[in-house]
Each structure stands twice: as structure tokens, then as C-alpha cells.
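Heads up, the thing below is written out as C-alpha cells.
Bear in mind that the values in this text are calculations on the coordinates, not laboratory data. Predicted, not measured: the structure shown is a model, and the values here were computed from it. Cβ coordinates were reconstructed from backbone atoms using ideal geometry, including for glycine residues, and neighbour counts include every protein chain displayed.
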Amino acid sequence: MKIIASAQMLKRRLELKREGRLGEGMTIAARTPEERVRLARARLAIQGAPLMYKAASEPDNASAPTQEWRAKYNGYVAKTDKGRGEVKTLKQYRIRSFMDAHGDGFPPELQNAVARFLQDSEYHHRVKIADLNRSGGSGESRLGGLGNCPQHVRDGHARHVWLENQLATNRLFYHVLEKLLYRTQNRHDGKPFNLEDFGRLLWPALNDANALRYSTKTAVMAFGAELLKLYAHPACPRVRWISDDERMLELEHQR
């Protein structure tokens, strides 16, 4: 009986809709003064702070970044594809590195030096994590995190330890690393430092945008030149620029 009644109601609704009479005879109770005041206050609150009450936008697919994430890292969003063989490729997003965004403005030898340094930094942290994981173990190996590391990771770790010691006292290079290359320090609003932001740290009273950007690039050039000098130092562990073989080894490690 309920199904038949529902069908009859649906049929009657369609008839009224065609005739333009849907809702005919219906009345809505008038709002009380208290309800009108509450609605007016709510409208004023939304108008005064629209972003506060705005629902976070959903990504187009499971791996796409939200509009808020894109806005925070404007100019630093890069897309990568993950998947191989018959596995469906998944588009992933990451924050572009400083050299990804601005590397083309520097000489190739400087790009190679910075790439070597950053890759060695990753090896160094990998060894430290492996060493921490071994703490409290059986004590069968005294090599710590180096015990099961491939040779190119060992070499990179050794180079990075030596270079860190040489660079430790230079405050400019410290800021170049932390705010631009490592991106371990962001602006107060959480966004990465751009060229103008960093230039303003060097020259707070300077208001010329081009001069600020040039100052930042000059600081990165100075850092790269120091790397090249240190890599050529006799005491520096042997240096090899990143090769296709090393890239393939790292791809296998990531899988």
C-alpha cells in the first residue's frame, strides 16, 4: 500500500509541476523576531570574514592538491607521475625545489655543484636514520648506518660531513641552505621564501623588486662558487657529478 501511495503522490507531483501549480496552497510560517535577528547576525558574520566560513575545496581526484595548498605554494607546485608497466599512472604533486624553479638562471657547473650537495645531504640523512634504527640492536656490526649502504651513499655521506664542517661558520650560506635550498625554514605564514623575500632579509631597506631578486641570485651564486672551490680541495672526499647510473640506483631505492 505504501508503494502504491508513493507512486500516486509522484504522479500527482508531476502533473502539478507541468501545470505550474506545484506548491499551490502551501504556506510558510513567518519567522519570529529572534530568528530574524539570528539570521541577520549570521549574514553579517559571513560578509565580514568570508574565508573563515568557506568550505575547503576538494581536489578533482584523490591525488590532486586542494586550491588552498596550491595558493600556499604558488609557483612551487610540480607534478610527477608514479607507476610503471601496466600499473595505472598516478599523478602526484610536490613542492618544487628552488633549483627546479630558478636553476636555469645559473651556470651548468653551479647547478651540478648544488645538485651534488643536495643529493649528498639526502644520503647523509639516510645514513643517520639507518644508524638510529640500529641503536639497541645486537651489536653484530660497528658500522652503524653505513653497514648496509651502497658505496655511492657512503661516498655522499662522507662528502657531506666534510663540506658541512667547512660551511658551518658562514651565516649567509646557512640562510641560503635553510631558507632556499633545504626549505626547512619558511615565512611566518608558512609559505616558502621567494627571491624577493630572501633579498629583503639581506637588504631590509631596499624596495626595488628587481634588485632584491638579483641579490638573492647573487647569494646563491656565492654559495655555488664556494661549493666548487671546496669540491676541488685536496682534502675533500672524491667527487663525482650525478650520473645516469646513480639516478637509476636511486630510482630502484625509491621503489
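The table below gives the values:
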item	result
For the stretch 99-254, size of Cβ-based charge dipole, Lys and Arg +1, Asp and Glu -1, in debye	420
For the stretch 202-255, size of Cβ-based charge dipole, Lys and Arg +1, Asp and Glu -1, in debye	160
Dimensions (Å) - the stretch 188-232, Cα atoms, principal axes, largest first	38, 24, 13
Order by protection proxy (mean Cβ within 10 Å, highest first), peptides 108-121, 208-221	108-121, 208-221
Shape parameters for the stretch 99-254, alpha-carbon atoms, Rg then Dmax in Å	17.7, 61
